[in-house]
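Data first, discussion second: the structure below is written as structure tokens.
The values are calculated or read from the model by the stated rules, or taken from the named source; none is laboratory data. On a predicted model such as this, the values are computed, not experimentally measured, just so you know. Backbone-built Cβ (ideal geometry, glycine too); neighbour counts: all protein chains shown. Note: accessible area is taken over every heavy atom of the protein model, side chains too, but ligands, DNA and RNA are not part of it. Shrake-Rupley method; radii C 1.70, N 1.55, O 1.52, S 1.80 Å.
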Amino acid sequence: MQHFEIAVVGGGLAGSVAALALARAGRKVAIIAPSSEKTDERTTALMDHSIRFLERLGVWEEIAPSAAPLSVMQIVDGTKRLLRAPTAQFRAQDVGLYAFGYNIPNRALSETLDAAVAAERNITNVAQTVETFDFSAERVMLTLSDGTIASADFVVGADGRQSKARDTAGIGVRRWSYPQSAVVLNFAHSLPHGNVSTEVHTESGPFTQVPLPGLRSSLVWVVKPDEARRLVELPTEELSRLVEDRMQSMLGKVKVEGKGQAWPLSSLMAERFGKGRLALIGEAAHAFPPIGAQGLNLSLRDIIALSDLLAATGDRPVPADAGDRFNRRRGPDIVSRTVGVDLLNRSLLSDFLPVQMLRAAGLHILSYAPPLRNLLMREGIEPGRGLRAVVDALRKEIRR
């Protein structure tokens, strides 16, 4: 029977990064996931804090050529409602950065991470699924799909929204859905994007263009489910024309690449994020609509906290309450981000006049209050970053 210090269950982006980070932290790790031939044509915007983490893991240099910097992010009110918000623009240079982060094709992320995991001596790849978990105070027993049994001191549940690790541990989950689907595609355009990402808010949800290298961008277009199905079935020329019209031709002539994909939008949040010898990361713990580039960034913060918590120190074993410690550490960040994204999405869908007034007023204040806007930008990049900047500024003033 094989024994591992840590078993990472799930081989998606979050699972791969977690296995790599924990192995680099000195632990003997197994990543347990079946082989997958699926191709993911989506892209992911990773903020500066996440990019620095990938640098520390030694994989960013390989990923960087496929990524495009996000130097400016702007929100445009594209609704036809009575109360419309002013355009709000956020510039990375205002908070001392060249870029808030980078937009990266998921394929480039996956290929680089797969190669790094395969080359890491502290990682054992187990191409199986876990059929059963048996959690105890001493260890976790795992029965694999080929009938073999393995044991681990700790399990990282990175097995997605239908997480068997979470359910077996008796951790409940709250789920809710939205009357929306996201159409995801990439497109070429005739004018340069200038590293500017534009999020157009519409009555059905955000229409978000994010730069890719060269004269290309990715798009997440949130619409009603029936409309999403219609859009992905349109001829390429007609869909390209619709994208160009929605962009108000700000990027010139548009040509959609390949076919778009439609993804129903829903959210979930586990009742807790760790318990005993289990920690939940990624969509096993939290999931929400693609607004504000929060999804994988939140998962990477899970992994940073977990690797700090479980880093090998001499012969010290993984503590039996590591999952509970992880839950206390990650709870505030996960809950606040999930609630924030949910409220923002619902404010776009609401026809209730006071809600529209609050949303418009909020964007108006951000447009004309640079200190508050800068605080929000720092918090969006890394929780606590904005507050630390305020404290540092106060200290400088006091010293003067």
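Computed over the Cα atoms of the range 250-314, pair by distinct pair, the Kirkwood hydrodynamic radius stands at 14.9 angstrom.
With all protein chains kept in place, the per residue accessible area of the range 6-65 amounts to 41 square angstrom at a probe of 1.4 angstrom.
Tally up the carbon and sulfur contribution to the accessible surface of the range 240-333 as a whole percent, 1.4 Å probe, everything protein left in place. Answer for the range 240-333 is 51 percent, counting heavy atoms of protein chains only. Per residue, the accessible area of the range 117-224 comes to 40 Å² when a 1.4 Å probe rolls over the protein heavy atoms. Relative to its residue count, the range 31-132 spans a Cα convex hull of 183 Å³ per residue. For Val29, neighbours were defined as the other residues whose beta-carbon sits under 12 Å from its Cβ, and their charges (Lys and Arg +1, Asp and Glu -1) total +1.
Amide H contacts under 5 Å for Thr124: Val29, Ala30, Ile31, restricted to partners 5 or more places along the chain or on a different chain, H placed in the peptide plane at 1.01 Å from N.
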